[in-house]
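Here is the structure we will look at.
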Amino acid sequence: MWPSTFSFNWNSMHVGPKRDLLGDLAAAIRNRTDIVFEARDTYWNSTQFLAWLYNDSPVKDTVIPPIFQERLRQMGSWLQVNGEAIYATKPWKYQNDTINSNVWYTLSKDSKFVYALLLIWPKDTTEITLGAPLSSSRTVVTLLGSNADSLPWHVASGDRGIVIDVSKIRLHSLQSGWTWAFKLENISA
């Protein structure tokens, strides 16, 4: 709902009404009521309330339905394996791959690593083609959650891109069952 230089299609300033809807709502509430939004979470004790609600309250087992509890646990497990591709990262120059629409990118804060997040594991090939990365002779590719030190790769046809050989990766042996994160070192945009 706010302007963003990274995700233009996720806010109402660029898509839809071309207005800051939350800003308009907040201004309308401030102008017509005495409600103040600037209070911190400590004022409302929201962190303590949520901790009590989820851990100690009489309804703690019904606050989050079991199916959503399972999804949250799965997300936590996934983040334990792939968290470095999410936490302390920022969008890379290419958010989505130029060839493979099932690949999304993040960049480490220190800009040393590019992470390629693969949404769907290929079933009919042992290679994953990434169109955006520009490799060098020092490029190293690893798969988070894999025991392999590095994965073989070669330059894709054309002026950029790499092809990662995943023939030795056994999907059932990976620590993550959804969305796999490849760590790319020494990559240029």
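The values are calculated or read from the model by the stated rules, or taken from the named source; none is laboratory data. On a predicted model such as this, the values are computed, not experimentally measured, just so you know. Here Cβ is always computed from backbone atoms with ideal geometry, including for glycine, and neighbour counts include all displayed protein chains.
Suppose we keep only residues that are part of a helix (DSSP H, G or I) and free of Cβ contacts under 8 Å to residues at least 40 places away in the same chain within segment 136-189. Which one would you say is surrounded by the most Cβ atoms within 10 Å (Cβ to Cβ)?
Taking the candidates together, the pick is SER173.
List every residue pair whose Cβ atoms sit under 9 Å apart, with the two residues 6 or more apart in sequence or on different chains, where the first one lies in segment 69-95 and is more than 20 Å from SER173 (Cα to Cα) and the second, anywhere, is part of a helix (DSSP H, G or I).
ILE86/LEU79; TYR87/LEU79
Of all residues being within 19 Å of ASN96 (Cα to Cα) and not β-branched (Val, Ile, Thr) in segment 166-185, which is modelled with the lowest pLDDT? Just the residue, please. Break it down stepwise before answering.
If we filter segment 166-185 for residues that are within 19 Å of ASN96 (Cα to Cα), which is where we start, we get 178-185.
Still in the running and not β-branched (Val, Ile, Thr): 178, 180-185.
On the way: TRP178: 88, TRP180: 95, ALA181: 95, PHE182: 97, LYS183: 97, LEU184: 97, GLU185: 97.
For segment 166-185, the residue satisfying everything is TRP178.
Pull out all pairs, ordered by first then second residue, where Cβ-Cβ is under 7 Å, the residues are six or more apart or on different chains, the first lies in segment 119-131 and is over 17 Å from TYR105 (Cβ atoms), and the second is outside any loop (DSSP other than H, G, I, E, B).
Sorted first by the residue in segment 119-131, then by its partner, the pairs are TRP121/LEU171; TRP121/TRP180; PRO122/ILE128; THR126/ASP165; GLU127/VAL163; GLU127/ILE164; GLU127/ASP165.
Restrict the check to segment 118-138 and report whether at least one residue is within 23 Å of LEU174 (Cα to Cα) and among the acidic types (Asp, Glu). Spell out the reasoning first.
Just the residues of segment 118-138 that are within 23 Å of LEU174 (Cα to Cα), to begin with: 118-130.
If we keep only those that are among the acidic types (Asp, Glu) too, we end up with 124, 127.
Yes, because at least one residue in segment 118-138 is within 23 Å of LEU174 (Cα to Cα) and among the acidic types (Asp, Glu).
State whether one or more residues within segment 140-163 are in contact with a helix residue (DSSP H, G or I) (Cβ under 6 Å, 6 or more places away or on another chain), at negative phi and of a type in the set (Gly, Ala, Ser).
Taking segment 140-163 as the starting set, the residues that turn out to be in contact with a helix residue (DSSP H, G or I) (Cβ under 6 Å, 6 or more places away or on another chain) are 144-145.
With the extra rule that they be at negative phi, the set shrinks to 144.
Right, trim to of a type in the set (Gly, Ala, Ser) and you get none.
Scanning segment 140-163 turns up no residue that is in contact with a helix residue (DSSP H, G or I) (Cβ under 6 Å, 6 or more places away or on another chain), at negative phi and of a type in the set (Gly, Ala, Ser).
Within segment 97-127, count every residue that is buried (at least 16 other Cβ atoms within 10 Å of the Cβ) and either over 23 Å from SER77 (Cβ atoms) or in the same structural domain as TRP78 (by TED's automatic domain parsing) (or both).
4
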